[in-house]
Amino acid sequence: MKKETPTNSLNLEVHANYSADAARSVAAPPIRRPTWEEAEGNPLPLGVKWIEEEQAFNFAVHSEHAESVTLLLYSPADLVNPLLTFQLDFLHNKSGRIWHYRVPVTKLGAACYYAYSVSGETIPQLHSFDPQKVLLDPYAKCIFFPPGFDRNLAMREGSNAGSAPLGVLSDHRSTFDWSGDRRPHHESDAIIYELHVKGFTKNPNSGIDASRAGTYAGLVEKIPYLKELGVTIVELMPVFQRDPQEGDYWGYMPLNFFAPHAQYASTHRADEQHLEFKNMVKAFHQADIDVVLDVVYNHTCEGDYKGPIYSFKGFDSAGYYMLSSDPANPYANYSGTGNTLNFGQAHVRKMVIDSLRYWKRGMHIDGFRFDLASVFSRNADGSLNWGEAPIFSEIAADPELGPVRLIAEPWDTAAYQLGRGFPGLTWLQWNGRFRDDIRRFVKGDAGMVPEVMPRIYGSDDLFPDRRADAYHAYQSVNYVTSHDGFTLFDLVSYDRKHNWQNGNNNQDGTDAIYSWNCGQEGDEDVSPAVRALRRKQVKNFCCLLFLSNGTPMFRAGDEFLNTQFGNNNPYNQDNEIGWLDWSQLRSNEDIFRFFKRMIAFRKNHPSLSRSRFWREDVSWYGVGPTVDLSHDSHSLAFCLHGASQGDDDIYVMINAYWEELEFNVQEGTAQEWKKIVDTALPSPDDFSDDEIPLEQTKYLLAPRSIVVLCRPQAETQ
């Protein structure tokens, strides 16, 4: 007979086995599945981001029309053949128009550089998609140029492997101590000083060691000089990375909008260039000096259809650049450099705003001056948006960028939007009218008195403060000279440009110079009388700049009569023409002293530089009680009353005529007024520290001279 197992015993055995299996199941560690982002990558942020908790890099790049994208990773041992390649699958590694991928650091091995290869439907005239080209990430924050870097290979068909710029994987290793950094804030004491990072200290006579001359570190060593001069804001000419083989000394042909120019660093280590730049910014802040960057977002160094394929063209020409209707010249050229970025595209605007945020947040930059800013106003078809161009509202709405000092060059090659025509309502603007009108007045052109009065007042004709507009006087950036044109010394030494060394048959550079050589062209064998007149004219320009309402700006070296030998467009002169000649500081200490004193005078009298216009606080005169507004008039006077600002009264008499004129001071008694400035007198009497009282209210002004008087506040009460 078969023995049967009791039912309850069987159940107990099954239950015991189940319990043991369950216990083993609970005890086993759970299998962790990678998140979607870990498996596929994340479309934001664009560029490369180090994910600390994952010990991985996330790569993301925008390319709307690409058919395939391959991520290339290189090691220092082989810059031609990638160590690793990852072909992105649009079903897993593409979201919308952004391609993305995640690479754990454990997979990188010796790789420390990266790039892309992109293919797509070729449009021959655009010279765009070329899978053989090694492409730089538009968001790369540090760029490495291999020893075999070759611009020419990027300009013709075929591979440029080993010769293309590469992005650097270094963000996760970079640290910087910003503790103690305080951002300066300047209002009535704002003095903008435009300089070129390399040109400022590259000359062997700059006093900077050769290992640091022409670098961010070299610039730091000149901060005591800038403090003595009285500068409160430095405006650095472009520091975005550019093509080192293009011959673009000035820097207005950017390769990228996120990386500082590596060739301005004294160190050759890619991971230390950012540290040197940050140290420079921190040093300026410690000296209470703002740092403003001259930024170029309107075009790139890729040029027209003949230009190199480095980045944007290879990712998506039609998506990044504005196109024309001319098949022979497919790229619209509102920048004058071969291409124009398309601000009708949302991803282009996002790239610019991301770049601005990066420089503000990561580099502690205090403001931006936008080159050819009218390009921002252009629609995708190139037409001007005279309403609210999107990028202006997007910048204004950004909580980080809204409070930043924003300065526009309010024109491009085909548009002029100075004043109310520019869509950035709260932006400061380079006032080209101030430059031209002051130049013409000082050189002696007829009919300029009615034109120069509003420039001194703050240009309310361009920046009206009526209720509908409510502009501020400080929005006018007043300047007589900038990088783009003659130096101040050349302005009084040359009647015409001398640009032959630029290699363009003297055809480059503007002819609208409004200069006067004071009777003799150039600086060789000049008579003492002409030299004296030139110095006086320089002081006249200096006076009008620092006595005008608005935000004053001047170019580096003007304070000691630096010259470019008549070249008004030395964009490619990385030599003694483009570098400051510091020997001139010793030769022209009197001019340096005058600039320094005038800057200090402006700072000590906030009545001159106000948030608002002078309105009833200013009284206009001529040699007598009324202004001569006739066509042949060359004289003007005004009294600025300072009581509303808790300041002294200032009386200015201006004789731009070539003969002496007798002025009559129209307010107060002679003894109330102290003479501060007489540009006709030699140094140190041209700016008196003794505040000499007038002997009579009549004052005979020498030809082409300016006199400034001051009446202390106590004597007006």
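The residue that is nearest to the chain's Cα centre (by Cα), among those in region 299-329 that are among the polar types (S, T, N, Q) and in a loop (DSSP other than H, G, I, E, B), is Thr300.
When residues in region 522-542 are screened for being part of a loop (DSSP other than H, G, I, E, B) and among the hydrophobic types (A, V, I, L, M, F, W, C), 1 of them pass.
Okay, residues lined up against (1) buried (at least 20 other Cβ atoms within 10 Å of the Cβ); (2) at positive phi:
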site: Lys603; (1), (2): no, no
site: Ser619; (1), (2): no, no
site: His631; (1), (2): no, no
site: Ala656; (1), (2): yes, no
site: Gly668; (1), (2): no, yes
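Scanning region 71-124 for residues that are of a type in the set (S, T, N, Q) and either closer than 18 Å to Ala39 by Cβ or assigned to a strand (DSSP E or B) (or both) returns Ser75, Thr85, Gln87, Asn93, Ser95, Thr106, Ser117, Ser119.
Being touching a His at 6+ places or on another chain (Cβ under 7 Å) and either assigned to a helix (DSSP H, G or I) or surrounded by fewer than 23 Cβ atoms within 10 Å (Cβ to Cβ) (or both) is a description that applies to Arg612. Looking across Gly485, Gly519, one residue alone is at pLDDT 95 or above, under 29 Å from Val707 (Cα atoms), open to solvent by less than 10 Å² (accessible area, probe 1.4 Å) and part of a loop (DSSP other than H, G, I, E, B). It is Gly485. Scan region 449-466 for residues that are part of a helix (DSSP H, G or I), open to solvent by 10 Å² or more (accessible area, probe 1.4 Å) and among the hydrophobic types (A, V, I, L, M, F, W, C) and jot them down. Across region 449-466, the qualifying residue is only Met453. Of all residues in region 488-503, those satisfying the criterion of being open to solvent by 60 Å² or more (accessible area, probe 1.4 Å) and either in contact with a Lys or Arg (Cβ under 6 Å, 6 or more places away or on another chain) or without any contact (Cβ under 8 Å) to a residue 60 or more places away in the chain (or both) are Asp495, Trp500. Which pairs turn up if I take residues in region 576-589 that are part of a loop (DSSP other than H, G, I, E, B) and look for partners that are open to solvent by less than 20 Å² (accessible area, probe 1.4 Å) and of a type in the set (A, V, I, L, M) with beta carbon separation below 7 Å, at least 6 apart in sequence or on another chain? Pairs found: Leu580/Ala556; Asn588/Leu561.
Screening Ala115 with (1) among the small types (Gly, Ala, Ser); (2) under 26 Å from His347 (Cβ atoms); (3) open to solvent by 40 Å² or more (accessible area, probe 1.4 Å) gives one miss only, at (3).
Candidates are the residues of region 45-85 that are among the β-branched types (Val, Ile, Thr) and buried (at least 20 other Cβ atoms within 10 Å of the Cβ); the one that is nearest to Thr122 (Cα to Cα) is Val69. Exactly one residue out of Leu126, Leu136, Leu195 is in contact with a strand residue (DSSP E or B) (Cβ under 9 Å, 6 or more places away or on another chain), in contact (Cβ under 8 Å) with a residue 60 or more places away in the chain and surrounded by 23 or more Cβ atoms within 10 Å (Cβ to Cβ): that is Leu136.
Listed by position, the strands (runs of 3 or more DSSP E) inside region 337-448 whose residues that are open to solvent by 40 Å² or more (accessible area, probe 1.4 Å) number at least 1 are 405-408.
Pull out all pairs, ordered by first then second residue, where Cβ-Cβ is under 7 Å, the residues are six or more apart or on different chains, the first lies in region 334-348 and is within 13 Å of Glu394 (Cβ to Cβ), and the second is part of a loop (DSSP other than H, G, I, E, B) and open to solvent by less than 40 Å² (accessible area, probe 1.4 Å). Within 7 Å, the pairs are Val348/Asn342.
Report yes if some residue within region 208-220 is modelled with pLDDT under 95 and within 21 Å of the chain's Cα centre (by Cα); otherwise report no. No.
The values are calculated or read from the model by the stated rules, or taken from the named source; none is laboratory data. Because the structure is predicted, anything quoted here is derived from the model rather than measured. Note: ideal-geometry Cβ built from the backbone for every residue, glycine included; neighbour counts use all protein chains shown. The area values use the complete protein model at the heavy-atom level, side chains included, leaving out ligands, DNA and RNA. Shrake-Rupley method; radii C 1.70, N 1.55, O 1.52, S 1.80 Å.
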